[in-house]
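Read-outs throughout are calculated quantities, based only on the coordinates presented, and are distinct from any laboratory measurement. What you see is a predicted model; the values in this text were computed from it and never measured. Every residue, glycine as well, gets a Cβ built from its backbone with ideal geometry; the counts of neighbours run over all protein chains shown.
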Amino acid sequence: MVLLRLFTQRRWISVTGYALFIGMMAVGYYYNITLVQLGLVDLGQRVLGLSQVTVANYMAGFALLTCFCAIAFGWWMSFSGLALRFRRKFALAFAVVLAQTLLTIALTLITNAQSYAVWIALTAVAIGCGVPVTFSMTSDLIPVRDRGYVAATITSIAYFAANVIPTAWTIEVFRTQMLWIMAPGALGFAALLFGPLNILDVLAQQHEDPIYARGRYVKKGEAGRLVDNPRIIALIVLMFAIFFIDSLGFLRMTETPAYMLNTWRASELEPRLFIGSVHVIGALIAGIFYTRMDDKILFLWIFGIFALVHQGYGLQESLFSGGDSTLGMPMLYALAVSMYTVVNFAIWADISTPGTISLNTAIGVALSGWTATFLSTGLAIRWRSAGLSLAEHLRRVDALAWLLFLAVLVLIFWPRHTTKSQHVEQN
Amino acid sequence: MNRTYASYRFIVLFIALTFLLSACQGVDSYSGRIIFSGEHHLRGEVANYGDLVILEGSVQIAPLSRVTGSVYMIGGELTLFGEVEGNLTILDGSLTLGPESTINGDLNLGSSDVTRQPGSQILGEITEGFALPTEWVRQAPTLSEQVRSFLLQTGLMLLLALFLRRFLPRPLRRIELTLIEHPLVSVTVGTLSAVIGLVLFIQLAFTVILIPVSIAGLALMFLLVTVGWIAIGGLLANAVEARLPSRIASSLLYLLSVSLISLIVDGLGYVPVIGAPLVLLSASAGIGSALLTRFGYQMYTPSEDTDLL
């Protein structure tokens, strides 16, 4: 690990860069999976009394707007050269954190559907700008060799906290928690930005160091631009498929008390502690896989585990409909989710250079993550309004999951015939 | 065999297995419900389709509601006001039969508290002191049984160790090298493979037709774990041999080391708290190193800069 070398060389500012990045990303992701994904639904349905379909439509709109803002902002960052200016990026990140803190405070002002829509739109803009800004700091703060481990740490912290800390999935609980975390965070950003320490000046030079600069999958001489790089297209498709399957299956399960009350939403701490711990183990496994093994194997594992999980849920629904859920399936689910989250945190920087990371990340996260969420939400609503039973819903998700697993399997293992010139080149 | 042809065959075989696995969801021949905890009030004309298994928690079946199968109670509480079409078997827990409750089959009572209100009907037989057949209940093994089991386990391990050393020394050496050079990756791959493998083989068993595959898979996992322990034994033998002043026959040292590993694995089972995790860790390392080296047929080299797709 490069971090250990930095410790022995007493490069404390570089070590601080790790802590800064991990803290920023973990809190940002925690905010996303708790307050945004769960809290907004609770606010719309329970507090404002909006119908499930209306809230789902708002959430789909939120996903689309975030997607648009992220791509537009990422594009601007790359082409204006902002992606290479660390201090400017840090100032932007501070602005995003400040905006999100103020928006979190303003949650109590939402009393009707209009103010709910305005809040969602403003948050979409903040997150849309935040994604390319924060992700692009990977090439400033985290050496290439440590990206898998750092992504694993971020995922572990965010998911462990999200499972263990919340006592209830309500907007009030999430708001209080986030304010306790974000307010000091914003102050910390301000101190670094306007304080006397020269930490940012040192960190701003790091992207020029070869151990930070060029992503693991960018070959020498490549600009790492989207048009030059077919790998990003394959990645977007793969990540899209993972996000889509996860979201489509989990959306319906969150509405099924039998699957949630003894597991993710258990009033006792033990089941949530177990799921949180599995998230940590899954993230660590993915971190090691990402660093030490072929990515193809990692993707195969993720798709395979998702297929097994949905197979398990479908089987349970067919045979033991209405019974309680054990922790076996959530355990596999947590493993798969942690593994793909690690990939999502690490891979975009590794197919980019410091100059292209903003755009690549924005396109990658926006097209795979937010578009998948938008489409899976839309499809789930469509299926529900068509009166599709839970068993049938899970069976379809399972079929899709197996199909995608097979597609990845064929893509990876299908023999490729090398041309004569390639053969000569290889030899 | 041509490698390309082998790849095609592998893909076709996997697709066939996957379709068979997916088919198990279409089975509607059995249905039931398992209650693990919490309070459950079952209402409606049919309160539960098929069998009802209560492990813990509290269940109430409303008047005029029926369970179409049998009820099995391992623990918890059951208050029956409605009807059970099959048998009601209670190993432990408490049962209350309401005034209009009906059990169409037998009532089998174990160590349970039963409160029966006037008007409740049991159409079958009542058996008291019901317990699982003694052969189903696992008794603590005696010392001689434990010794016999250990000797059998060690004997089989030694036989396998001798076979591998005699006929497959290179694959075994690759597994040993991977264990010593990449322990973290070995444990990681092994842990994930073991967990997912177990789930997969259990799900395969639901298809009925794939039960032999499930059994073969579990046997393979067991074999990989044993090979891993043998590899650890081999490493121990090498380490000891390098430090010994006088030469001992390496085969003897090897067999002694493998026996020692067998003894340690067996002994760790009796160590509280850390014993079981250490056994699992070593088992995972064995599975992982075997898989990383493709069962010993190629050296594992960590990926530094791999191409995606």
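Miscellaneous remarks
- Taking A:MET293, B:MET73 and counting other C-beta atoms within 10 Å, the order from fewest to most: A:MET293, B:MET73
- For the protein assembly as shown, diffusion coefficient by Stokes-Einstein and Kirkwood Rh (Cα), 4 °C, 1.567 mPa s, µm²/s: 45 µm²/s
- Taking a ≥ b ≥ c as the square roots of the eigenvalues of the Cα gyration tensor, segment B:180-236 is classed as oblate, since a/c reaches at least 1.5 and a/b does not exceed b/c.
- Segment A:7-87 - Kirkwood radius from inverse mean 1/r over Cα pairs (Å): 15.9 Å
- Mean residue ellipticity (222 nm) of chain A, computed from DSSP H runs ≥ 4 via -39,500 (n - 2.57), nearest 500: -24000 deg cm²/dmol
- Computed E for B:THR142/A:GLN9 - FRET, C-beta separation, R0 60 angstrom, nearest 0.05: 0.50
- Tensor-based shape of segment B:152-309 (alpha-carbon gyration tensor, a/c under 1.5 rounded, otherwise prolate or oblate): prolate
- Sum of side-chain charges, A:PHE250 neighbourhood, beta-carbon under 15 Å (Lys, Arg +1; Asp, Glu -1): 0
- Footprinting exposure proxy ranking of A:LYS296, A:LYS89, fewest other C-beta atoms within 10 angstrom first, gives A:LYS296, A:LYS89.
- Packing-based exposure ordering (other Cβ within 10 Å, fewest first) of A:MET339, A:MET137, A:MET260: A:MET260, A:MET137, A:MET339
- Its Cα gyration tensor gives segment A:1-141 an equivalent ellipsoid; the semi-axes, largest first and in whole Å, are 34, 17, 12.
- Reference-scaled alpha-carbon Rg (2.2 N^0.38 Å with N residues) for segment A:67-135: 1.22
- Taking a Cβ cut-off of under 14 Å around A:GLN52, the surrounding Lys, Arg, Asp and Glu residues balance to a net charge of +2, with basic ones at +1 and acidic ones at -1.
- With a cut-off of 13 Å between beta carbons, the residues surrounding B:ARG170 carry a summed charge of +4, where Lys and Arg count +1 and Asp and Glu -1.
- For segment A:1-128, the relative contact order is 29 percent, taking Cα pairs closer than 8 Å that sit 6 or more residues apart in sequence and dividing their mean separation by the residue count.
- Residues whose placed amide H lies under 5 Å from that of B:HIS40, excluding near-sequence neighbours: B:SER58, B:VAL59, B:GLN60
- Cβ neighbours within 10 Å from other chains - mean over A:286-293: 5
- Separation of the B:ARG166 and A:LEU403 label points, Cα + 7 Å toward Cβ, nm: 5.3 nm
- Computed from the Cβ-Cβ distance with R0 of 22 Å, the FRET efficiency linking B:ILE202 to A:ILE297 stands at 0.40.
- Rounded to 0.05, the FRET efficiency of the A:SER51 and A:LEU122 pair, given R0 = 30 Å and the Cβ-Cβ distance, is 0.85.
- Each residue, A:ALA183 and B:GLU181, gets one label point 7 Å from its Cα in the Cβ direction; the gap between the two is 5.6 nm.
- Kyte-Doolittle at least -0.5, axis length at least 30 Å by Cα - qualifying DSSP helices, chain A: A:52-80, A:113-136, A:171-194, A:230-253, A:269-292, A:295-319, A:328-350, A:390-413
- Whole-number D in µm² s⁻¹ for segment B:69-124, Kirkwood Cα-pair radius fed into Stokes-Einstein, 37 °C, 0.692 mPa s: 304 µm²/s
- Value in Å of the Kirkwood radius, where segment A:265-376 supplies the Cα pairs that are averaged: 15.8 Å
- Cα-Cα P(r), segment B:107-244, percent of pairs per 5 Å interval: 2, 7, 10, 12, 11, 13, 11, 9, 6, 5, 4, 4, 3, 2, 1, 0, 0
- Between the C-alpha center of segment A:370-419 and that of segment A:11-87 there is a gap of 25 Å.
- Taking chain A and dividing mean pair separation by its residue count, relative contact order in percent (alpha carbons under 8 Å, at least six apart): 27 percent
- Relative contact order (%) - segment B:187-290, alpha-carbon pairs under 8 angstrom, separation at least six: 48 percent
- Equivalent ellipsoid, segment A:127-170 (semi-axes from 5 times Cα gyration tensor eigenvalues, Å): 25, 16, 5
- Tensor-based shape of chain A (alpha-carbon gyration tensor, a/c under 1.5 rounded, otherwise prolate or oblate): oblate
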